[in-house]
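Undergrad: My questions will all concern the structure given below.
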Amino acid sequence: MSTTDCVFCKIIGGSIPALKILETADALAFLDINPLAPGHCLLVPKRHVQGILDVPADLLAGLTAPFPKLAKALLQATQASGLNILQNTGESSGQAVFHLHFHLIPRIDGDKLGYRWNAGAYPSGEGERLRDRLIDELGG
């Protein structure tokens, strides 16, 4: 997808309106048009990158720097007691717009949004094998 086809690039460029709530040199936060909860917003880099695998470390640092300020404002404005920060990478994870973005979703007790967390356990020795493969992939 080119940046001319990207809905988030169009929002950043001003050709699609959005309810913007925070803007920095690297990032833009705006309310999600299909919120899971009041205050659900998206934080996107102003520079087009497809996902977390493509973002340079310096851009990611600038993008995520507003998290504490934005999270506090969301909790205050919505009177929520909690917050989910969600980032999907790849179609199989649920990524629908291929421009890196983080969902910030205010949560309250009993909101019925739910969250599927089917925790498991590693068979004997498998955790160690996976750890070793990860360390190898990280370069030692």
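Undergrad: Ignoring solvent entirely, what values of log10 I(q)/I(0) come out of the Debye formula for the chain at 0.15 Å⁻¹ when each Cα is a single scatterer?
TA: Summing over Cα pairs of the chain leads to -0.86.
Undergrad: Separate question: Of all accessible surface on region 1-121 at a 1.4 Å probe, what whole percent is carbon and sulfur?
TA: Numbers: 4090 of 7310 Å².
Of the solvent-accessible surface of region 1-121, carbon and sulfur hold 56 percent.
Undergrad: What is the helix-to-structure angle for 67-78, meaning the angle in degrees between its Cα long axis and the longest Cα principal axis of the chain, kept from 0 to 90 and rounded to the nearest 10?
TA: With rounding to tens, the tilt is 60 degrees.
Undergrad: Using Cα centres only, tell me the gap between region 101-132 and region 66-90 in whole Å.
TA: 18
Undergrad: Under the rule of -39500 (n - 2.57) per DSSP H run of 4 or more residues, summed and divided by the residues of the chain, what mean residue ellipticity at 222 nm is obtained, to the nearest 500 deg cm²/dmol? Mind dumping the intermediate values first?
TA: Working: 4 runs with 39 residues, N = 140.
Using -39500 (n - 2.57) per qualifying helix, the result is -8000 deg cm²/dmol.
The values are calculated or read from the model by the stated rules, or taken from the named source; none is laboratory data. Note that the coordinates shown come from a computational prediction; the quantities given were computed from them, not determined experimentally. In case anyone asks, the SASA skips ligands and DNA or RNA and just uses the protein heavy atoms, side chains included. Shrake-Rupley method; radii C 1.70, N 1.55, O 1.52, S 1.80 Å.
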